2 protein chains.
Amino acid sequence: MSDRKIEILDTTLRDGAQMEGISFSVNDKFQVFDSLSALGIKYVEAGNPGSNPKDREFFARYKNEQRQPAGSVLAAFGSTRRKGMKPQDDPGLADLMSADTSTIVVFGKCWNLQVREVLRVSLKENLSMIEDTISWLVSNGREVIFDAEHFFEAWRENRDYALDCMRAAARGGAVCICLCDTNGSTMPEEVSRVTGEVLSELEGVKIGIHCHNDTGMAVANSIAAVLAGADHVQGTLNGIGERCGNANLATIIANLELKYGISCLPEGKLEHLTPAVRNMAEIANIVIPNGEPYVGISAFTHKAGMHVDGVKKNPSTFEHVPPESVGNSRRFLMSEIAGRAAVLDVIHRIRPDMAKDAPEVARVLHKMKELEHQGYHFEGAEASQELLVCKELGMYKPFFNLEKIRIASEQPQTGEYSAYAFIKILVDGIDETTAAEGEGPVNAMDRALKKAMKVFYPQLTSVRLTDYKVRVLNADDTASSVRTLIESTDGHRVWRTVGVSTDILEASWQALVDSLEYKLMRSKLGWED
Amino acid sequence: MSDRKIEILDTTLRDGAQMEGISFSVNDKFQVFDSLSALGIKYVEAGNPGSNPKDREFFARYKNEQRQPAGSVLAAFGSTRRKGMKPQDDPGLADLMSADTSTIVVFGKCWNLQVREVLRVSLKENLSMIEDTISWLVSNGREVIFDAEHFFEAWRENRDYALDCMRAAARGGAVCICLCDTNGSTMPEEVSRVTGEVLSELEGVKIGIHCHNDTGMAVANSIAAVLAGADHVQGTLNGIGERCGNANLATIIANLELKYGISCLPEGKLEHLTPAVRNMAEIANIVIPNGEPYVGISAFTHKAGMHVDGVKKNPSTFEHVPPESVGNSRRFLMSEIAGRAAVLDVIHRIRPDMAKDAPEVARVLHKMKELEHQGYHFEGAEASQELLVCKELGMYKPFFNLEKIRIASEQPQTGEYSAYAFIKILVDGIDETTAAEGEGPVNAMDRALKKAMKVFYPQLTSVRLTDYKVRVLNADDTASSVRTLIESTDGHRVWRTVGVSTDILEASWQALVDSLEYKLMRSKLGWED
């Protein structure tokens, strides 16, 4: 282990949001920030308060919430001042200041072609724009990181001018100058060489690296820069970003820590890497490729018989690092042993005495495979899974019988959509009929069911839904199957349930019923805390 | 452009088939072979005729078909002979010979730990196994490539023995010795250094490289080896393979040809790269990540306003190579951060004469930002976007008026969920009332609306839905907003529409209405082809 420490800046909320299909709500942005904070990422760059209303709202709410300083440092992002304007008169810089963050990332141009053709200012004016933007922000109490856009193109075409821009940023007081491979055009040996040359020209300045993955080299380039002396790495935890994405920080962090002994996260955080990446993917609603290095579900999965055999004898035969070191786990495919072991794990939570080879184990396994084939997914729905085990072990009796539920939605000539549900249930021979209105049919059904159940089970009063997700399976029609996942809480505990059907209401109904019955089952079995 | 030519070996049918979820039929294998042949890949490695009946059938059929020698060279794959056996008596080698290919890839061990613990033979016996397996195959008219398994681990632990193995393969008559980073554990600078050292020790032998992507370095490592002198690269065209995949040949080939001027394919083939990769993905039934370097659908897609602007002025500002050079194409996206240029692009599809600074452009931009803030997402929904532009430009008149729609779902005591919708619409003062049953309420609504509309617009008969997606926004309750995306086709053209609401039925309704009105709008504006 070396003593080197690298500073990580995550730009999921800014550069990452440039990816096709990505759109973060203000709540999503808070979740991303919290997730990165929990992992110990030093800086979180979160957009430009001037560019759109969502970013403005995010910064305003962040400021009001007065977050603990223990988490990541929030940074706003903006450009150098406009030409011919003083920093104090520039509305863009005023927006940036209004974000009220301690750190600001300023990007500027250093490629002579861009300065002339895009900015349309003289090379000299651009130098002043860089220097006095930074020095004004610094004099107003901000820490400034300078992102040198198109740095490698600039270096190829006019090395001296690119260096002049760096020096202007350093004179302005930037704490770090970040070399941006904006187009993702540069190869590792060039990144390495140029980083080394910049460092030897600009002594005492911290150099950063910001790569894009257009040639599949973003990780290699970032590491090449670090090995050449860069101490600050920008990217996105999941590698999302415009075009082919930004440098994937998860891969970079794991490589630097495990292959080079260079630390990027606080001690003990690396083993939270996989859950953090998966959580970020949920928030962004993207799918992590199975084969994603270190954190993908297949990253430590063995299929070939010979490999399974080898790994069982000695994991180092086909695993380059232990999966637990990054919070992932080993899987063997096509292996009854693996399936059985996992199911047994759940069964033992409910019946610790169950023998490994009991027929019930095979029965539960069989049922679970059948349901997964239909589209159920128990990995994110432990409560439904435990209920299923209770059912298969004969430990379950329904807590109510549904007599009838009817849900209606309508849109009259000029009005809004409205939805209501009426329901009749039976508990121990006593019936309860009630109805509820809702924002949409699922919400109406949810409210009506809870209203009826609470009459018999007052302990359900504390239960509320905290998350509701819908995924269309094999979508080729409005008649496709959907899977709904529901997360519930009673204030102490959180649990998740699942339903699958071609009818979204039926799928939601299954997950809702499981949610309430799970709570009741826990009381009945005496598991309540 | 240098004069160097690199030999490519694709192992999609062997190492690629080890990936979770991949299974090729015999017909699939022929399609893969033909696709790689058409691209000009030199070698296609296709498994072991002894390992399973599908491989056996493939080789037998290939032999019978007497393919033109113009395509790729088919290679069979197998291991060195068993211990204590003569090559001519070894059933595995007999299987290999039975494939009747001109080229055979033989893999063998060179890591002392593996030789002792897995093979359980002396280091010396392993050397004979390598040498006499190869020399026997060569004496039987075969060209042999030797894959040195776990080469980099072997080198780290016992450099001399690893070299002895290479020398045994060379004495046996192997035309190429391939250094395999079997565990994907090695970093580029080590690959570079070791490849150089091997080359200086074994003069006159062609060296190959075979990498896995466990650290996200498979592409960088393959190129590092080539720059150090390797002339043969193994991988899979799409990067599929066990765990994190094999080296992605598409990225390697594009990088070597475009960044280093080192040729890998026959002249003129590089511009077929993207269609070839997409065709392979179809055969393997895998999804290519949007951001896949060079060949992904987002690889040359621009979203940020400033970037769209820059690329329109000069593509080199945000594109490292021309998209056509690899058979891909440029796209501009719309979004909350997109600027005027992208909006203008859409407007110009509808009103080619519109001036850049017309007030309508600002109005459309404003409206679009507002809707995106509510959760609409137009980049996957060009049809809704074009309709929106028509509405803002005053070119839209509703094709119908909704009088009433009522949707009902119910579950009686013992039955399945059932859903039906009844609808009343007005077109030019004439009303139509109808109803439909469906699998779930969305499907019922979809059917009822189409039924009513077809009475007035028979051209809608050919329209059908091909995809339906639901995403819950800010999910914290069943009352959360949802966004639905619908893809429709009339058999000629495909279009996509979007809807957002707290009510999934209303969101679906918006997308459904847009889908039908878009089709009608196209006819009305005379765009129909």
With the label set 7 Å along Cα→Cβ, residue A:493 is separated from its counterparts in the other copies, in nm and shortest first, by 5.6
Over all Cα pairs of chain B, the Kirkwood radius sets Rh, and Rg/Rh then becomes 1.10
Rounded to the nearest 10, the angle in degrees between the Cα long axis of helix B:53-65 and the longest principal axis of the Cα atoms of chain B comes to 90
Among the Cα-Cα pairs of the stretch B:279-318, the proportion with separation greater than 11 Å, in percent, is 67
Between the Cα axis of helix B:382-392 and the main Cα principal axis of chain B, the angle (0 to 90°, nearest 10) is 30
Quick shape summary for the stretch A:448-529, equivalent ellipsoid via Cα gyration tensor, semi-axes whole Å in descending order, reads 27, 13, 10
With Rg from the Cα atoms and Rh as the Kirkwood inverse mean 1/r over Cα pairs, the stretch A:102-193 has an Rg/Rh of 0.98
Which residues qualify? For residue A:149, with a placed amide H closer than 5 Å and at least 5 residues away or on another chain, they are A:108, A:110
Magnitude of the Cβ-charge dipole (Lys and Arg +1, Asp and Glu -1) of the stretch B:7-266 about the Cα centre, nearest 20 debye, reported as 440
Mean separation of Cα contacts under 8 Å (at least 6 apart) over the residue count of chain B, i.e. the relative contact order in percent, is 9
Taking B:182-193, B:490-501, A:392-403 and ranking on average Cβ neighbours within 10 Å, highest first, one gets B:182-193, B:490-501, A:392-403
So, in nm and shortest first, the distances from residue B:85 to its counterparts in the other copies, with label points 7 Å along Cα→Cβ, work out as 7.9
Inter-chain shielding metric for A:17-28, i.e. average beta-carbon neighbours from other chains within 10 angstrom, reads 6
Working note, the stretch A:1-127: Cα radius of gyration (Å, one decimal) and Dmax (Å, whole number) are 16.5, 50
Computed on Cα atoms, the radius of gyration and Dmax of the stretch B:380-529 in angstrom are 15.8, 53
Projected onto the charge dipole of the stretch A:121-262 (unit charges on the beta-carbon of Lys, Arg, Asp and Glu, signs +1, +1, -1, -1), the Cα from A:262, A:233, A:244 with the largest positive-side position is that of A:262
Given backbone amide H placed at 1.01 Å from N, residues whose amide H is under 5 Å from that of residue A:19, ignoring those fewer than 5 places away on the same chain, are A:241, A:242
Total charge of the residues flanking residue A:191 in space, meaning their Cβ is under 14 Å from its Cβ, with Lys and Arg +1 and Asp and Glu -1, is -4
The convex hull of the Cα atoms of the protein assembly as shown, divided by residue count, gives a volume in Å³ per residue of 192
Phi-derived 3J(HN,Hα) across the stretch B:492-502 with the Karplus relation (6.51, -1.76, 1.60, θ = phi - 60°), rounded Hz, x for Gly and Pro, is 10, 10, 10, 9, 10, 9, 9, x, 9, 5, 6
Largest-first semi-axes in Å of the equivalent ellipsoid built from the Cα gyration tensor of the stretch B:7-266 are 25, 24, 16
Counting Lys and Arg as +1 and Asp and Glu as -1 over every other residue whose Cβ sits under 11 Å from the Cβ of residue B:383, the net charge comes to -1
Projecting the Cα atoms of A:32, A:87, B:520 onto the charge dipole of the protein assembly as shown, where Lys and Arg contribute +1 and Asp and Glu -1 at Cβ, the residue farthest towards the positive end is B:520
Under the Karplus relation with 6.51, -1.76 and 1.60 and θ = phi - 60°, whole-Hz ³J(HN,Hα) for the stretch A:206-221, x at Gly and Pro, equal 6, 10, x, 9, 9, 10, 10, 9, 4, 10, x, 10, 4, 5, 4, 5
Long-range amide H partners of residue A:473, meaning residues 5 or more apart or on another chain whose placed amide H is closer than 5 Å, are A:481, A:482, A:483
When the charge dipole of the stretch A:90-172 is computed with +1 at the Cβ of Lys and Arg and -1 at the Cβ of Asp and Glu, the Cα pointing farthest to the positive end, of A:144, A:106, A:129, is that of A:129
Mean per-residue count of partner chain Cβ within 10 Å for A:291-299 equals 6
For the protein assembly as shown, the dipole about the Cα centre with charges only on Cβ (Lys and Arg +1, Asp and Glu -1), to the nearest 20 debye, works out at 400
Phi-derived 3J(HN,Hα) across the stretch B:140-150 with the Karplus relation (6.51, -1.76, 1.60, θ = phi - 60°), rounded Hz, x for Gly and Pro, is 9, x, 9, 8, 10, 9, 9, 8, 8, 5, 6
Helix B:249-260: inclination vs chain B longest Cα principal axis, degrees, rounded to 10, gives 80
Sorted largest first, the C-alpha extents of the stretch A:195-262 along its principal axes in whole angstrom are 33, 26, 16
Sorted shortest first, the nm distances from the residue B:391 label point (7 Å along Cα→Cβ) to its counterparts in the other copies are 4.3
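No lab work stands behind these numbers, since they all come straight from the coordinates. The structure displayed is predicted, hence computed values, not measured ones. Every residue, glycine among them, receives a Cβ derived from its backbone with ideal geometry; neighbour counts consider all protein chains shown.
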